[in-house]
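Below is one structure; the comments refer to it alone.
Bear in mind these aren't lab numbers, they're just calculated from the coordinates by the rules spelled out. Worth saying up front: this structure is predicted, and the values here are computed from it rather than measured.
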Amino acid sequence: KVYPLNAQEREQGEAYIRSCDSAAGCSSTVLTIVIEEAESYFAGDYTAEDAAKRIQNRVGIYLSEQM
């Protein structure tokens, strides 16, 4: 079982995500989508799998609108 993170674990996870620079070449819109969904995941609103699906769906919609 996976349980929701406590406040300290959530803060550490968010700090880690915000410190990553691998998305430097990424669209700011895509990065915003990832951060928003990661925040919901760390708040315990979604499972990791659900958050990944939501990111994929939202980014897919965004990219299709850009064509």
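Some observations on this one:
- Members of the stretch 39-67 that are within 14 Å of the chain's Cα centre (by Cα), more than 15 Å from SER28 (Cα to Cα) and hydrophobic (A, V, I, L, M, F, W, C): PHE42, ALA43, ALA48, ALA51, ALA52
- Meets criteria (outside any helix (DSSP H, G or I) and aromatic (Phe, Trp, Tyr)) for TYR46: yes
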